[in-house]
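Enquirer: Structure incoming, see below.
The values are calculated or read from the model by the stated rules, or taken from the named source; none is laboratory data. None of these values were measured; they are calculated from a predicted model. Cβ coordinates were reconstructed from backbone atoms using ideal geometry, including for glycine residues, and neighbour counts include every protein chain displayed.
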Amino acid sequence: MSENKETFTEKKSTRRNFLKNSGLTLGGIVLGGAVTSLVVKNNDGETTVADSHSSHGAETSNFNRALMFFNIEQFLTVEAAAEQIFPKDENGPGAKELLVGYYIDHQLAGGFGSNAKEFRQGPFLKGEPTQGNQSAILNKDLFTMGVAALDAEAFKLAEKKFYELEEEKQIELLQKFEADEVALNGATSKQFFNLLKKLTIEGVYADPLYGGNANLEGWKMKRYPGSQMSYVNIIEKDEFVEMEPKSLSDHQ
Amino acid sequence: MAEKLPKKDVVIVGVGWAGGIIASELTKKGYDVIGLERGKDRDMADYLHGHDELRYSTRKEMMQDLSKDTVTFRNHTKMTALPMRQYGAFYPGDGVGGAGAHWNGQTYRFGPYDFEIRSMTIERYGEGKIPKDMPIQDWGITYDELQPYFEKFEAMAGIGGQEDEGPMAPPRRAVFDKNGEKKKYPVGPMKVSPMMKMFMDATTELGYHPYIVPTANLTEPYTNEDGVSRAACQYCAFCEHYGCEYGAKADPVVTVLPVAKQTGKFTVRPHSTVIKVLHTDGKASGVVFRDTITGEEYIQEADVVVLTSYVFNNVRLLLNSKLGKPYNPETQTGVVGKNYCYQVQQSGASLFFEDKEFNSYAGAGALGAVIDDFNCDNFDHSDVDFLHGGALRVMQTGKRPIATNPVPPIEGLPGWGKEWKAATLKWYHRNISIGGQGASLPNRYNYLDLDPTYTDEYGMPLIRMTFNYHDQDKKLSKYLAEKAEEIGKKMNATYIKVNGLELGDFNIANYQSTHNTGGVIMGNDPETSAVNSYLQMWDADNVFVVGASAFPHNSGYNPTATVGALAYRAAEGIEKFIKEGGSLV
Ligand SMILES: Cc1cc2nc3c(=O)[nH]c(=O)nc-3n(C[C@H](O)[C@H](O)[C@H](O)COP(=O)(O)OP(=O)(O)OC[C@H]3O[C@@H](n4cnc5c(N)ncnc54)[C@H](O)[C@@H]3O)c2cc1C
Ligand code: SF4
């Protein structure tokens, strides 16, 4: 390729540009990949990839911080429960600061909440543990029931909402749910707990485009570099290489 | 009434690796081919902007939509089979490119022992070594006979590997031209990362024979004989579950399919689910399919029908079309559905190093090192009570943060909360795994048939899998797990978590591998196999059933190179059949 790295960074190369400017070719047919023009030789003769510019930093407000599924009471309980799964500590922020509550809210409002890609034909029989999840209950309903049960247990304990309890009591209740000691309509509290844990981890570590992992803090804490274009120059390196994480929005 | 479409020379059902290879080979020869694919069309634009763990790995963007079609499963015939409602043990592909669009690209050949497993086992150990309920069979083709087809696949895809792999890997000929020299691989091997080096050093010290995993992640720019040029792998770490935005990973979408399209002889029709093969008196006339967007039904007539719709739908289409004799495990007669096999994938060791951090967020689908010392019949089985074996390897595919939150086996470490969070952050970069990939040998009670209760969205019965791990698998798993532990100790890991010492019942909820095999197996005898060594059906000579469905058992290797080789041979057979007609053997 004739273009060097400088021209590339100057051009603020984006994936859309790659599409336009480069291509896998086959007898003149452009297959259109992030290839030739992007992959350049550096001075050591090693193949490398031009960096794309970060478009981060100038954020004013986050319009994503609003609810599409929970009501505000439910939301506060979800946020508190997620924070106990992934709490703030000396390593960095917890689920709350990472906006995991909003992530969970948005997921349950969409296809995942309605189990869109799952097989939903009956009969729904109980089955053996080796046969996987056979529940007829949708993710969004399991979650709402679970949250209601957390609040009901909190009320029994201290006549409070779950999010109003002190930390130790919240942990105690979540342990009870994990140990399957609370009855839910047609489901087990362990099923709810597992879904809560799964969605919390997703909200901490998914690309911020989904509403969680605020400011890439989840990735920074884990020293995970996110969406980089190439690791060809570090793959053989013995020492640990840390880099500033990139999100998908860096490549838009 | 279903609308009839203009007749073609060949109709292909499912446009993944097998369908793509057949399409490109036959259109290059001038035949008119249509490929019906239930999923969407794909090109490179679908692969850009793809480094999204949630969308592709967690939510399985590129995999089969289970709301439309799934398998039902039971461990044994006394259980009621229930549908796999959400993703678990395996991830079948969907859309143009099939699972080939989002595979890892670890590209091993099966070994010579695999193709003649029965004869070679008897020769070395006597017939008594084969358990009563284990119908292992020779494949009707030898490694030497299949070798030219492996080479075709490897040249097309640009497979990379080490020239000197040592004595345990399947033998290779130096047939690939490279700058005037003959090489055993079209391109060189992948780079060696520190964790691979540790594994290679430790296994060498133990007297084993490590080599670099053969790869379809292109290691240098490469132009194949069809004129397709592709760029080199960037070790970007978003490989399996993802399309490759560089076109570096060999995938039907960037190799065989554009070649077929360029001939002007190939039509791909996406959003088209085939539900039946039409046939009378041992001749197929075409297929019935539904447009999945409008629901309209169509008939596509053709001289030759090729099923390349992966194991489950290859079997399902035959059974739903009443083509071929269904297998019956009680009488052990019939062939369609027989010898369904899988992979013994649980054994291995998770290693934690207090003093070492790896750049394990980087990687590539097929970046790794492997030993075959316990694979195939590479060691003496006289003193063990199982057959075959498996590979042990360290793979660096790129650890992504949602899926990877490892904690060492320390007593009392909780599964969430403060302590857990700190532990996952500490050990994330300090953890590597030795994975075992064991062969799966047939058992008479492991088979596929039609489910009596559950159907797809068009009312066609789902495929029912009856499968469990038996003594053979349990002993093999334990053996590999112990070897993995031995290697982990040699690598000086601080903590070792050994998996697979006790293999329980097969559980469909946990991901193992998308290496399902069997059901329409090949062989020399119509009594014990469904297709001959060209994958032509014994019961209908213009029907070819191509894919891992043809494997009479599964090896300790990943399957796709062998699928590819068999597809090239099938393409040759189809052409021969169109010219000469009749049975090819
Ligand atoms: C995550 C993952 C990683 C993998 N990694 C490796 C690896 O490293 N090495 C290796 O060797 N193998 C690997 N595999 C396996 C590999 O992908 C398969 O062996 C290979 O893709 C099989 O090719 P195929 O053409 O037989 O089937 P597929 O690629 O599955 O193609 C079948 C096609 O048929 C279509 N289809 C199905 N039913 C119908 C119907 N009724 N009508 C119309 N179309 C239909 C499907 O949508 C699909 O597109 C991996 C698989 C997965 C899922
Ligand atoms: S690891 Fe390599 S082959 Fe795989 S997707 Fe990334 S660049 Fe492509």
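Enquirer: Scan region B:51-88 for residues that are among the small types (Gly, Ala, Ser) and not in a loop (DSSP other than H, G, I, E, B) and jot them down.
Expert: B:Ser57
Enquirer: Let me ask something else about it. Do we have A:Gly186 as more than 8 Å from every other protein chain (Cβ to nearest Cβ), of a type outside the set (S, T, N, Q), touching a residue at least 40 places away in the same chain (Cβ under 8 Å) and under 20 Å from A:Glu73 (Cα atoms) here?
Expert: Here the answer is no, as A:Gly186 does not meet what is asked.
Enquirer: Answer yes if at least one residue in region B:232-246 is surrounded by fewer than 24 Cβ atoms within 10 Å (Cβ to Cβ), aliphatic (A, V, I, L, M), within 21 Å of B:Ala362 (Cβ to Cβ) and within 15 Å of ligand 2 (Cβ to nearest atom), and no otherwise.
Expert: yes
Enquirer: Of the numbered conditions (1) more than 14 Å from every other protein chain (Cβ to nearest Cβ); (2) more than 16 Å from ligand 1 (Cβ to nearest atom); (3) over 28 Å from B:Leu387 (Cβ atoms), B:Ile122 satisfies every one except a single condition; which is it?
Expert: Just one mismatch for B:Ile122, condition (3).
Enquirer: Pick from A:Asn133, A:Asn71: which is over 20 Å from the mean Cα position of the chain (by Cα), at the interface with chain B (Cβ under 9 Å from one of its Cβ atoms) and surrounded by fewer than 22 Cβ atoms within 10 Å (Cβ to Cβ)?
Expert: The match here is A:Asn133.
Enquirer: Of all residues in region B:181-213 being in a loop (DSSP other than H, G, I, E, B) and among the hydrophobic types (A, V, I, L, M, F, W, C), which is farthest from A:Ile234 (Cα to Cα)?
Expert: B:Leu206
Enquirer: Would you check which residues across region A:141-171 are out of contact with any strand residue (DSSP E or B) (no Cβ under 9 Å at 6 or more places or on another chain) and either under 21 Å from B:Pro83 (Cα atoms) or aromatic (Phe, Trp, Tyr) (or both) and list them?
Expert: Once the filter is applied, which keeps residues that are out of contact with any strand residue (DSSP E or B) (no Cβ under 9 Å at 6 or more places or on another chain) and either under 21 Å from B:Pro83 (Cα atoms) or aromatic (Phe, Trp, Tyr) (or both), region A:141-171 yields A:Phe143, A:Phe155, A:Phe162, A:Tyr163.
Enquirer: Turning to a different aspect of this structure: Can you tell me how many residues within region B:135-178 are assigned to a helix (DSSP H, G or I) and either of a type outside the set (S, T, N, Q) or buried (at least 21 other Cβ atoms within 10 Å of the Cβ) (or both)?
Expert: 14
Enquirer: In region B:8-50, what residues are more than 13 Å from ligand 1 (Cβ to nearest atom), among the acidic types (Asp, Glu) and assigned to a loop (DSSP other than H, G, I, E, B)?
Expert: Scanning region B:8-50 gives B:Asp32, B:Asp43.
Enquirer: From the set of residues in region B:93-123 that are within 13 Å of the chain's Cα centre (by Cα) and under 15 Å from B:Trp139 (Cα atoms), which is nearest to ligand 2 (Cβ to nearest atom)?
Expert: Top of the filtered list is B:Arg109.
Enquirer: Further, regarding this structure: Scan region B:102-134 for residues that are more than 30 Å from B:Thr215 (Cβ to Cβ), part of a loop (DSSP other than H, G, I, E, B) and touching a Lys or Arg at 6+ places or on another chain (Cβ under 9 Å) and report the count.
Expert: The first filter runs over region B:102-134 and keeps only residues more than 30 Å from B:Thr215 (Cβ to Cβ), leaving B:118-119, B:121-134.
Add one more test, that the residue is part of a loop (DSSP other than H, G, I, E, B), and what stays is B:126, B:130-134.
When the remaining residues are screened for being touching a Lys or Arg at 6+ places or on another chain (Cβ under 9 Å), the result is B:130, B:132-134.
Number satisfying all stated conditions: 4.
Enquirer: Now for a different question. Quick check, is B:Asp65 farther than 24 Å from A:Gln107 by Cβ, more than 9 Å from ligand 1 (Cβ to nearest atom), surrounded by fewer than 21 Cβ atoms within 10 Å (Cβ to Cβ) and modelled with pLDDT of 95 or more? Full working, then the answer.
Expert: Details: farther than 24 Å from A:Gln107 by Cβ: no; more than 9 Å from ligand 1 (Cβ to nearest atom): yes; surrounded by fewer than 21 Cβ atoms within 10 Å (Cβ to Cβ): yes; modelled with pLDDT of 95 or more: yes.
In short, no.
Enquirer: Name the one entry in B:Leu66, B:Leu26 that is touching a Phe, Trp or Tyr at 6+ places or on another chain (Cβ under 8 Å) and of a type outside the set (Ser, Thr, Tyr).
Expert: B:Leu66
Enquirer: Kindly provide the set of residues from region B:244-264 that are over 21 Å from B:Tyr56 (Cβ atoms), hydrophobic (A, V, I, L, M, F, W, C) and more than 9 Å from chain A (Cβ to nearest Cβ), ordered by number.
Expert: B:Val256, B:Ala260
Enquirer: For residues that are outside any helix (DSSP H, G or I), farther than 15 Å from B:Asp94 by Cβ and either under 20 Å from the mean Cα position of the chain (by Cα) or within 16 Å of ligand 2 (Cβ to nearest atom) (or both), tally how many sit in region B:302-321.
Expert: 2
Enquirer: Sticking with this one: Taking interchain pairs and intrachain pairs at least six residues apart, which have beta carbon atoms under 7 angstrom, with the first residue in region B:34-52 and on the phi > 0 side of the Ramachandran plot and the second assigned to a loop (DSSP other than H, G, I, E, B) and within 16 Å of ligand 2 (Cβ to nearest atom)?
Expert: Every condition considered, no pair remains.
Enquirer: I need the full set of residues from region B:380-397 which are crowded, with 21+ Cβ neighbours inside 10 Å and either among the acidic types (Asp, Glu) or in contact with a Phe, Trp or Tyr (Cβ under 6 Å, 6 or more places away or on another chain) (or both), in order please.
Expert: Listed by number, the residues that qualify are B:Gly389, B:Val394.
Enquirer: For region B:448-466, name all the residues that are part of a strand (DSSP E or B) and charged (D, E, K, R).
Expert: Selection gives B:Asp449, B:Asp451, B:Arg464.
Enquirer: Could I ask something else about it? Checking the structure you have, find out if any residue of region B:332-353 is part of a strand (DSSP E or B), buried (at least 18 other Cβ atoms within 10 Å of the Cβ), more than 14 Å from every other protein chain (Cβ to nearest Cβ) and within 14 Å of ligand 1 (Cβ to nearest atom).
Expert: The answer is yes; a qualifying residue exists.
Enquirer: Moving on to the next point. Restricting the search to region B:494-546, which residues are under 17 Å from the mean Cα position of the chain (by Cα) and assigned to a strand (DSSP E or B)?
Expert: B:Thr517, B:Gly518, B:Gly519, B:Met522, B:Val545
Enquirer: Consider B:Pro131 against the criteria (1) under 24 Å from B:Asp449 (Cβ atoms); (2) surrounded by fewer than 21 Cβ atoms within 10 Å (Cβ to Cβ); (3) within 14 Å of chain A (Cβ to nearest Cβ): it satisfies all of them except one. Which criterion is unmet?
Expert: Going through (1) under 24 Å from B:Asp449 (Cβ atoms); (2) surrounded by fewer than 21 Cβ atoms within 10 Å (Cβ to Cβ); (3) within 14 Å of chain A (Cβ to nearest Cβ) one by one, B:Pro131 breaks only (3).
Enquirer: Right, next: Can you tell me which residues in region B:214-258 are within 13 Å of ligand 1 (Cβ to nearest atom), over 26 Å from B:Met196 (Cα atoms) and outside any helix (DSSP H, G or I)?
Expert: Matches in region B:214-258: B:Thr255 only.
Enquirer: Looking at (1) more than 9 Å from every other protein chain (Cβ to nearest Cβ); (2) more than 16 Å from ligand 2 (Cβ to nearest atom), which one does B:Asp69 not meet, given that it meets all the others?
Expert: Result: B:Asp69 passes all but (1).
Enquirer: Being assigned to a helix (DSSP H, G or I) and either aliphatic (A, V, I, L, M) or more than 24 Å from B:Met465 (Cβ to Cβ) (or both) is the requirement here; does B:Ala99 meet it? Give the derivation first.
Expert: On the way: assigned to a helix (DSSP H, G or I): yes; either aliphatic (A, V, I, L, M) or more than 24 Å from B:Met465 (Cβ to Cβ) (or both): yes.
Yes; evaluated as a whole, the condition is true for this residue.
The rows are residues; the columns are (1) out of contact with any Leu (no Cβ under 6 Å at 6 or more places or on another chain); (2) away from chain A (no Cβ under 14 Å); (3) surrounded by 24 or more Cβ atoms within 10 Å (Cβ to Cβ).
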{"position": "B:Asn499", "(1), (2), (3)": "yes, yes, no"}
{"position": "B:Ser513", "(1), (2), (3)": "yes, yes, no"}
{"position": "B:Gly518", "(1), (2), (3)": "yes, yes, yes"}
{"position": "B:Pro526", "(1), (2), (3)": "yes, yes, no"}
{"position": "B:Ala530", "(1), (2), (3)": "yes, yes, yes"}
{"position": "B:Phe544", "(1), (2), (3)": "no, yes, yes"}
{"position": "B:Gly556", "(1), (2), (3)": "yes, yes, yes"}
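Enquirer: Among the listed residues B:Arg109, B:Arg74, which satisfies the condition of being surrounded by fewer than 24 Cβ atoms within 10 Å (Cβ to Cβ) and either of a type outside the set (A, V, I, L, M, F, W, C) or within 27 Å of B:Ala567 (Cα to Cα) (or both)?
Expert: None of the other options fit; the residue is B:Arg74.
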